[in-house]
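See structure below.
Read the figures in this text as sums done on the coordinates, not as results from a lab. All figures in this text were calculated on a predicted structure; none of them were measured in a lab. No Cβ is skipped: glycine too gets one built from the backbone with ideal geometry, and neighbour counts run over all protein chains shown.
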Amino acid sequence: MENAASHYYAMELSDYLDILKRRRVPFFITFAIILIISLIVAYILPPVYRSEATILIEKQDIPRDLVETTVTGYVQERIIGIKQSLITYDNLIDIAKTLNLYPDMRKRGDLSEMVALIRNSISVEMLNIQASDSKSKGQTTATVSFTVAYEAEEPKIARKVTAELANRYLAENKQSRSKQAVEVSAFLQEEAEALRKEIEKQEKALAVFKQEQRERLPELMNLNLKLYEKAEENIESSKGRILTLEDKITALKSELSLTDPRKAVTTEEGKIIQTPSQRLSALTVEFLQANTRYTPSHPDVIKLRREIEMLGGQSKSAAEASQLVTKLTQSRSKLLESRQQYSENHPDVMKLKSIVSTLETRLRNIVITGAEKSESNNIPADNPRFVALKTQLETTYSNLTEEKSKLASHREKLRVYEKRLFETPVVERDYKSLSRDYANAKAKYQELKSKQLKAKLAEQLEAGGKGERFVLTGSAYLPTSPDSPNRLGIVLLGGLLAFGGGLGSVLLGEYNDNSVRGRRGIVEIYGALPIVVIPYIQNANDAARNLKKRLLMVVVFFVLVASTLAFVHFYLKPLDELFDEPVDKRAAKAAKVVDREKKAEAAAEVVNENEKESIDK
């Protein structure tokens, strides 16, 4: 092992050349087969012609500040959306029938396969630029144009389908924008109509509520409050008038009790002769009047009290009047003493005042009773004074009854006004709720009407072609050279594969060959270098055999090349046209350069327009 390791043989370039020389036949065969296959593939693939149409995206003519469009979504979404609508099954069938595409497949009924072929042949590419946006900082990506392309085996078909797709793109964009604008306007109109009916319903409910609660509405709060205060004033006035009438009745009764229903009897000297009852009534009235003006110790009060006491033995009413006068005098004396010690609100003072008032009332009743007894006589009264007083008393009674009725009416009104004022906050809450709903609905209706007007303007904008639109700037052209396949590339790739395949065949053959050749084989077996190397001596037979092999390889090569050229010339494309193809390719490249320049010019125009709009804003 040490000997083998010390005499390890490193392969040199000559060894590799020997291997390649020895395996040249399989190398060239593999290389030729793969190369011929690549040539066949390169020229057997059908040509595919591509036609393009350039569509420019123009901004709306009228500034957006004046008329805002109702078409939503980005232009990229709209381009892709239109594409998806164009490549639907029904649309592609319609395009195939219109342009008479794939007639054989349509006759056979292979519609799904035909639709798949057409769909895969359609391509849409967008041209995006970086542009400044006035609404946001920095730059944004904007799509200024896009291309619609179609690939077909015939150039005329590619151009016809591309032109049809471009026209449908333009029509579909205009139709979809107009449709969307109309739908938005119709939607706002429906919403406005529904809201108008709702407002009418709320107006009716508000009117009914006002009618039912017309006396309790918040705007009548001040009026009800004034009416309430007026009712209180009327009540106080009625109470005052009732007290006045009651005092007047008392005074009339007192005066009536002192007046004889019949004419007075006079003496010869002209003096009036009074009866004891008349005298008692007169003294009692004078005593009550004096008692209100003077103190019990006043001489006039003492004099009147003594005269009443003197008449006390003449009749029962006189005796009762005498006792009441005595008690009244004592009570008034105590009341005066209490007022000197206490205030008017003191319980003792209040009690004595009540006793004095009771005694005075009883004393007045005695006078009135005496007058009524005088009236009870069947003899009609003939004293004019007595008749007048009685008439005044009856009138005063009637006025008192009427005033009490007014007081009850005023109190009822006060109760009604008080109830209104009490219920007004509840009514105000419901009224505000209805008014708020009505105001909100009305404001929303005005907003919808404003939006509807804008939607109508946007609808007219789209219908008049003044909005954002697609403009065909580059019509579909007739391709002069196929876009694919790349035959030269296929051939070059086939050459690389052929060379790699030849090397692979050499390596595979060498790997499977166990023969011992040269110094490398001896070193690998014995682990040592040979002492002497005797080269192979070629004789005449070997030279003749090698010459035959070379001639055979040359003949096979030319036969293969001739067969390939014949196959291409008769079955694919004539050789004269094939060699003229580079000229057509140069023309196609020139056409593409021109088209690319047109796209660049259109993009520059759009950028300039955007910059002008930004400057104007």
Computed FRET efficiency, Cβ-Cβ of S433 and A251, R0 60 Å: what is it to the nearest 0.05?
-> 0.50
Set K160/K466; K201/K432; K303/K327; K248/K353; K59/K456, cut-off 26 Å on Cα-Cα distance; pairs above it are K160/K466
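When D90, D483, D513 are ordered from fewest to most other Cβ atoms inside 10 Å of their Cβ, what list results?
On the way: D90 8, D483 18, D513 11.
Ascending number of Cβ neighbours within 10 Å: D90, D513, D483.
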Between R214 and I80, what is the FRET efficiency for a Förster distance of 60 Å, r being their Cβ-Cβ separation, to the nearest 0.05?
-> 0.40
Within the under-13-Å Cβ sphere about L217, not counting L217, Lys/Arg +1 and Asp/Glu -1 give a net charge of 0
Under a plain spin-label model, where a point goes 7 Å from the Cα along Cα-to-Cβ, how far apart in nm are A463 and V48?
-> 4.5 nm
What order do you get for S51, S121 when you list them from fewest to most C-beta neighbours inside 10 Å?
-> S121, S51
Rounded FRET efficiency, nearest 0.05, which uses the C-beta distance separating K353 from A408 and R0 of 35 Å | 0.75
Give me the number: length gained by fully extending K442 to I33, i.e. 0.36 nm times residue separation minus the C-alpha to C-alpha distance, one decimal in nm.
-> 138.5 nm
Residues whose built amide H sits under 5 Å from the amide H of S484, excluding neighbours closer than 5 in sequence, are V48
For S178, net neighbour charge (Lys/Arg +1, Asp/Glu -1) across residues whose Cβ lies under 9 Å away | +1
Most exposed to least, judged by fewest other Cβ atoms within 10 Å, V416, V325 sort to V416, V325
Karplus-derived HN-Hα couplings along the stretch 349-354 (A = 6.51, B = -1.76, C = 1.60, θ = phi - 60°), whole Hz, x at Gly and Pro = 5, 4, 5, 5, 4, 5
Around R469, which amide H atoms from residues at least 5 apart in sequence, or from another chain, sit under 5 Å from its own amide H, with H modelled in the peptide plane?
-> E58
Table column - 3J(HN,Hα) (Hz), the stretch 234-244, Karplus curve with 6.51, -1.76, 1.60, x for Gly and Pro = 5, 5, 5, 5, 5, 4, x, 5, 5, 4, 4
For the stretch 207-221, in residue order, the Karplus 3J(HN,Hα) values (coefficients 6.51, -1.76, 1.60; θ = phi - 60°; whole Hz; Gly and Pro = x) are 5, 4, 5, 4, 5, 6, 10, 5, 8, 10, 5, x, 5, 9, 4
Rough spin-label spacing in nm, given labels placed 7 Å along Cα→Cβ, for N120 and A540 | 6.5 nm
So, with points 7 Å from each Cα along the Cβ direction, the L503-V387 label distance in nm works out to 16.3 nm
